[in-house]
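The values are calculated or read from the model by the stated rules, or taken from the named source; none is laboratory data. Everything quoted here is computed from the prediction, not taken from an experiment. Every residue, glycine among them, receives a Cβ derived from its backbone with ideal geometry; neighbour counts consider all protein chains shown.
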Amino acid sequence: MSNRIVITTDYLHPGDTVDAMLRERGLEPVYSPAGGHRADEEKLALFAGAVGAIAASEPVTAQMLAAAPTLKVLARAGVGYDNVDIDAAGELGIRVCNTPGVNHHAVAEMTLALMLSCARRLSSVFEGLGKGVWPREAGTELRGKTLGVIGYGPSGRAIAVLGAALGMRVLVSTGHPDASSHVSPSVEFADFDSTIGSADYLTLHSRAGKGDPIIGAETFTAMKDSAILINTARGSLVDEEALVTALEAGEIASAGLDVFQREPLVGDNPLRTMSNVVITSHLAGQTLEARERAGVAAAQAVIDVLDGKVPNGLVV
């Protein structure tokens with residue numbers, strides 16, 4: 001029986017904690033870090049001969065899974081798994097796991113960083129300083145503003161805590177409102193339309209759906225023209241073409257984005273050069289602490305499946 005575990009997560013390395021965990025179990029970690037585009041032949045050969053995998057956020061297609069007949073488990077070193085063809089994995093009997101609860105504080109802190117960057121126009125300040133000028137633009141404060149939170153999982157709750165602590169009114173739109181989950185008297189549940197219409201800052205913390213983006217042209221029309229959109233969740237949640245149009249037309253003031261419909265972000269994407277957009281490279285959950293927790297949790301899920309146990313974070 002194969003004992004190969006393919007690891008594509010680029011922050012996991014030989015000799016680290018995850019490597020030691022797998023080797024102690026008698027498994028052989030094989031490293032093939034995600035680094036952008038892979039040729040079709042490389043994709044099909046990626047998991048060949050492996051019994052398990054710890055995967056980054058690059059796409060894992062039905063064809064890739066079908067080309068790996070020995071594969072029994074694929075663990076995402078992260079919360080999202082929309083990059084994996086779950087239906088195909090289920091049909092092939094491949095267990096797919098994620099690592100919930102490992103990075104929500106990191107995501108919430110990055111969300112706050114993007115909010116502050118947009119509020120204080122830090123991108124233009126940094127750019128101006130780099131050009132030798134001395135920008136003195138007036139930004140805005142978060143205190144007293146309304147924070148709209150779409151989705152109320154761990155990261156949604158964590159940013160609600162931070163928003164409330166800063167003196168913001170927090171509106172939450174979720175399909176599963178639960179009064180017992182309130183983290184502050186400043187947090188209120190509201191429907192989607194009320195949340196987007198009232199928000200000075202609208203931050204997304206929903207799972208990716210299989211349908212159209214939840215934030216599109218109609219959403220931007222309904223938002224305040226002074227509003228700021230923050231997305232540290234999933235690129236598929238936002239219609240990027242509609243976002244660019246809304247930013248150019250002044251339907252919303254600005255956006256702070258860590259995730260995109262296509263990653264890495266292509267060079268000619270207009271979001272790269274818009275003065276009212278702050279972009280980061282899908283690193284909201286990428287703190288040293290969160291990476292350690294995610295890697296260990298993913299490795300444990302692989303080990304549990306191979307030992308015949310039910311792992312934490314089982315998706316299918």
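Scanning region 121-138 for residues that are in a loop (DSSP other than H, G, I, E, B) and exposed (fewer than 13 other Cβ atoms within 10 Å of the Cβ) returns 131, 132, 133, 134, 136, 137, 138.
Highlighted here are the strands (runs of 3 or more DSSP E) found entirely within region 198-316 that include at least 2 residues which are among the hydroxyl-bearing types (Ser, Thr, Tyr): 201-204. Find the residue count for region 92-126, including only residues that are farther than 21 Å from residue 5 by Cα, over 18 Å from the mean Cα position of the chain (by Cα) and either modelled with pLDDT under 95 or not hydroxyl-bearing (Ser, Thr, Tyr) (or both). Result for region 92-126: 10.
All but one of (1) under 21 Å from residue 295 (Cβ atoms); (2) in contact (Cβ under 8 Å) with a residue 40 or more places away in the chain; (3) of a type in the set (Val, Ile, Thr) hold for residue 60; state the number of the condition that does not hold. Only one criterion is unmet by residue 60, namely (2).
Based on this model, can you work out whether residue 50 counts as aliphatic (A, V, I, L, M), closer than 21 Å to residue 94 by Cβ and modelled with pLDDT of 95 or more? Against the criterion (aliphatic (A, V, I, L, M), closer than 21 Å to residue 94 by Cβ and modelled with pLDDT of 95 or more), residue 50 qualifies. Just one of the listed residues (232, 245, 287, 280) is β-branched (Val, Ile, Thr), modelled with pLDDT of 95 or more, farther than 23 Å from residue 199 by Cα and out of contact with any strand residue (DSSP E or B) (no Cβ under 6 Å at 6 or more places or on another chain), namely 287. The residue list 225, 193 contains one member that is of a type in the set (D, E, K, R) and under 22 Å from residue 120 (Cα atoms), which is 225. None of 305, 315 is out of contact with any helix residue (DSSP H, G or I) (no Cβ under 8 Å at 6 or more places or on another chain) and of a type in the set (A, V, I, L, M, F, W, C) except 305.
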